[in-house]
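Worksheet: the structure to be examined is printed underneath.
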Amino acid sequence: MTDMENSDSGAPGTAAEKKQPIVDLKSKPDQLHEYREEEGYVVDVDSEDADAGLKLAKDGHTRLIPQPSDDPNDPLNWSWWKKHIILLVISWTAFTPDYGSAAGAAVLIAQATEWGMSPDHVNRSQAGNVAMLGFGGVVAVLLVAYFGRLPVSFWFILLSAATAAWCAAANTFESFMAARILNGFFSTIMQVVGLIFINDIFFFHEKARKINVWAGFFVMSPYVGPLFSSFIVTTQHWSAAFWLYFAMVASALLLIIAFLPETYYDRTIPASEQPKGSHISDLIGISQWKSRHQRNTFGQAIWRTVSVVMKPTVLLACLFYVLTFAWAVGINTTLAILMSGPPYEFGAKQTGFFYFTPVVAVTIAEIVGHYLYDFIAKQYIRSHKGHFEPEVRLRATFFAMPFVIVGLVLIGQGFANTWHYMGLSVVWGMYVFGMMITTVALSSYCLDSYPEASGEVSAWLNFARTLGGFIISYFQVSWFTARGPAESFGIQAAICAASMIIIVILLKWGKAMRLWAGPLKFVTS
C-alpha cells in the first residue's frame, strides 16, 4: 500500500477477524463511507476478496476505500495527472492566505514610520487578519455544504484578490486594516476546503501523503511571506509587497478557473442522476443551485458545522492544536520586532535571510513525512490483520513533539543568552519541523475519524490554529519584554509538553469516545 500515517487503537478483536461484507451504499444511503465504527478500516485483504469483485490497488492486496463506481465521471476514476493538477491548484491557493498575512509582519516597521504609529499598534492589522483566517474557514465550509465546492471556492478567491489589491492601495492605517480583515475572511477558503477536494479524489491509502503536500504549502507560506517582503521593503515602498501578494492570489484565481472542477459526487445515486453542467455553470454555481435539492438544506449545512466540533475527539484535537501551534504564529508575527532590538538589530534584509530557516524546516518535514506516515500505518496494519484505526495517525506526534518542546526551550535560552543568530535559526527550525509533522497527523486523524465531514474538521482545525495565533500576537512582545525570553518561551514549551496528555487520552480512549458519540449521519459527504 502507499500512504498512511499515525494513530493508535487496540487490537481489532474477534469481530474484526471475520470477513467483512462490501458496503452497499444504495441500500444504506446514510452510510457515506466505508469506515466501520467497531472494526475500523479494513485495508489489507486477500485474494478471495479480489475474486469476489472487490476493487484493489495495483499492489493486489490494498483495498480501495471508498470503492469507486464504474462511472468515468467519478472523481476517484480520474487520471493521475488530473488528480495531481487539482492537488497543486488547491495547494497553491492554500499557500496564499498565510503568505499575505505574514507579509505584513515584514512591512509593519515601514508602515509605522509612514503613519506615525508604534509597530505594536500597526501589528493589530495582523491580528485582525489572523482572526478572520479562522472565522472565514468555518463560514466557507458551511456555504460549501449548501452551494457546492467549486463555486464557493471561486467567489471567495475572487473577493480575496479584490481585497488583496485594496491592501496594496490603502494609504491610511484604517483603510489598510479594513482590507486586511476582509482579505483574511475570504482568502482562507482553500486551507479548509482543500481537504474536501483531497477526500473527493484520492483513496484512503493515498490521503496522508496528499495532505502532507497540501499542508506543506500553507505551513510554509507564513515564512515565505516575510522572506520576500523583507527584501522588497529594502528598495521599494511597502505596498509593492502587497502588489506581489495580489499577483499570487490572481494567479490562483486563474488556475481555479482553468483547472479546478466540481468534485462532488453522490455515491448514493446512479451515474445517470449525477448533476451535470458546463465548467462555467459549475464555476459560478448555476449547476449546483439547480441540483441543491440533492445536497444539504441550509439548516443542515449549519448543523453539520456545529455537530462536528461537538464530537469529543475533534474538540480535543482542536484544543491540542491551539496549545501547540499558537506559538508558531506568535513568533512569526513578532519576529521583526524581536530581532530589530539589541543585540541583533536586524534590518529588513537580515530578517529576510532569517526566514530561510523555517522554509528549509518545512521542506525537510515534507520529505520525512512522506515516509513516516506510511511506515506507521503499514506497521499497524501488518500487526492487526489488515485493519486500521484512525488513532494510529496520532503516533507521529511522539516523533514530532520533542522537536517542538526542545525548540521552544532553546529559542528562549538563545534570546536570554544572546546566542549567535545562527543558533537561534537552528532551534526555530526544530520547532517548525515538529509542527509540520503534527499538522498532518491531526488533519489525517480527524479526516479518518469523520471522512464525511472533511471540510468541517478542516475548518475547526484551521480555526484552532489561527485562534491561538490571534491571541498570542497581542501579548507576545510585551510578555517577552516583561518576563524575559527564557521564562516566556519556557512556559510555551511547558504548555506544549502538558498538551501531550490530550494525545495520550485520544490514543487510549479515542475510539471509545467516538463510539459513545456515534456517527454523524450526514445527508451527503
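Just a few scattered comments:
- Qualifying residue in region 238-248 (condition: assigned to a loop (DSSP other than H, G, I, E, B), of a type outside the set (A, V, I, L, M, F, W, C), surrounded by fewer than 22 Cβ atoms within 10 Å (Cβ to Cβ) and in contact (Cβ under 8 Å) with a residue 60 or more places away in the chain): no
- Each residue in region 354-380 was checked for being surrounded by fewer than 18 Cβ atoms within 10 Å (Cβ to Cβ) and either within 15 Å of Ala105 (Cβ to Cβ) or touching a residue at least 60 places away in the same chain (Cβ under 8 Å) (or both), and 7 of them qualify.
- Yes/no for Gly225 being among the small types (Gly, Ala, Ser) and either in contact with an Asp or Glu (Cβ under 7 Å, 6 or more places away or on another chain) or farther than 22 Å from Leu76 by Cβ (or both): yes
- Residues (part of a helix (DSSP H, G or I), touching a residue at least 24 places away in the same chain (Cβ under 8 Å) and under 18 Å from Ile201 (Cβ atoms)) located in region 274-299: Asp282, Leu283, Gln288
Residue-by-condition table, conditions (1) surrounded by fewer than 19 Cβ atoms within 10 Å (Cβ to Cβ); (2) closer than 15 Å to Val329 by Cβ; (3) free of Cβ contacts under 8 Å to residues at least 60 places away in the same chain; (4) polar (S, T, N, Q):
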residue	(1), (2), (3), (4)
Gln413	yes, no, no, yes
Met422	yes, no, yes, no
Tyr450	no, no, no, no
Ser458	no, no, no, yes
Ala493	no, no, no, no
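- Test: residue in region 224-237 that is touching a Ser or Thr at 6+ places or on another chain (Cβ under 6 Å) and at pLDDT below 90: yes
- For region 499-525, filtered to residues that are within 23 Å of the chain's Cα centre (by Cα) and without any contact (Cβ under 8 Å) to a residue 60 or more places away in the chain, the residue that is surrounded by the fewest Cβ atoms within 10 Å (Cβ to Cβ) is Ile501.
- Qualifying positions in region 90-120 - part of a helix (DSSP H, G or I), over 18 Å from Phe228 (Cα atoms) and touching a residue at least 40 places away in the same chain (Cβ under 8 Å): Ile90, Ser91, Glu114, Trp115, Pro119, Asp120
- Filter result (more than 18 Å from the chain's Cα centre (by Cα), not in a loop (DSSP other than H, G, I, E, B) and not β-branched (Val, Ile, Thr)) within region 347-371: Ala348, Lys349, Gln350, Gly352, Phe353, Phe354, Phe356, Tyr371
Yes/no per residue for (1) crowded, with 24+ Cβ neighbours inside 10 Å; (2) basic (Lys, Arg); (3) within 16 Å of the chain's Cα centre (by Cα):
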position: Pro75; (1), (2), (3): no, no, no
position: Ser79; (1), (2), (3): no, no, no
position: His84; (1), (2), (3): no, no, no
position: Leu87; (1), (2), (3): no, no, yes
position: Ile90; (1), (2), (3): yes, no, yes
position: Ala110; (1), (2), (3): no, no, no
position: Gly116; (1), (2), (3): no, no, no
position: Ala127; (1), (2), (3): no, no, no
position: Val139; (1), (2), (3): no, no, yes
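- Residues of region 256-273 that turn out to be assigned to a helix (DSSP H, G or I) and more than 20 Å from the chain's Cα centre (by Cα), as a count: 6
- Among the conditions (1) over 30 Å from Ser458 (Cβ atoms); (2) in a loop (DSSP other than H, G, I, E, B), Pro390 misses just one, which is (1).
- Considering Gly369, Gly412, the condition of being among the small types (Gly, Ala, Ser) and within 26 Å of Phe475 (Cα to Cα) is satisfied by Gly412 alone.
- In region 26-42 there is no residue matching the filter, namely being more than 30 Å from Phe218 (Cβ to Cβ), in a loop (DSSP other than H, G, I, E, B) and at pLDDT 75 or above.
- Residue match in region 315-327 (condition: surrounded by 16 or more Cβ atoms within 10 Å (Cβ to Cβ) and on the phi > 0 side of the Ramachandran plot): no
- Among the residues of region 419-434, none qualifies, meaning not one is touching a Lys or Arg at 6+ places or on another chain (Cβ under 9 Å), of a type outside the set (Val, Ile, Thr) and more than 29 Å from Phe217 (Cα to Cα).
The values are calculated or read from the model by the stated rules, or taken from the named source; none is laboratory data. What you are looking at is a predicted structure, and each value in this text was computed from that prediction instead of being measured. Here the Cβ is made from the backbone with ideal geometry for all residues, glycine too, and neighbour counts use every protein chain on show.
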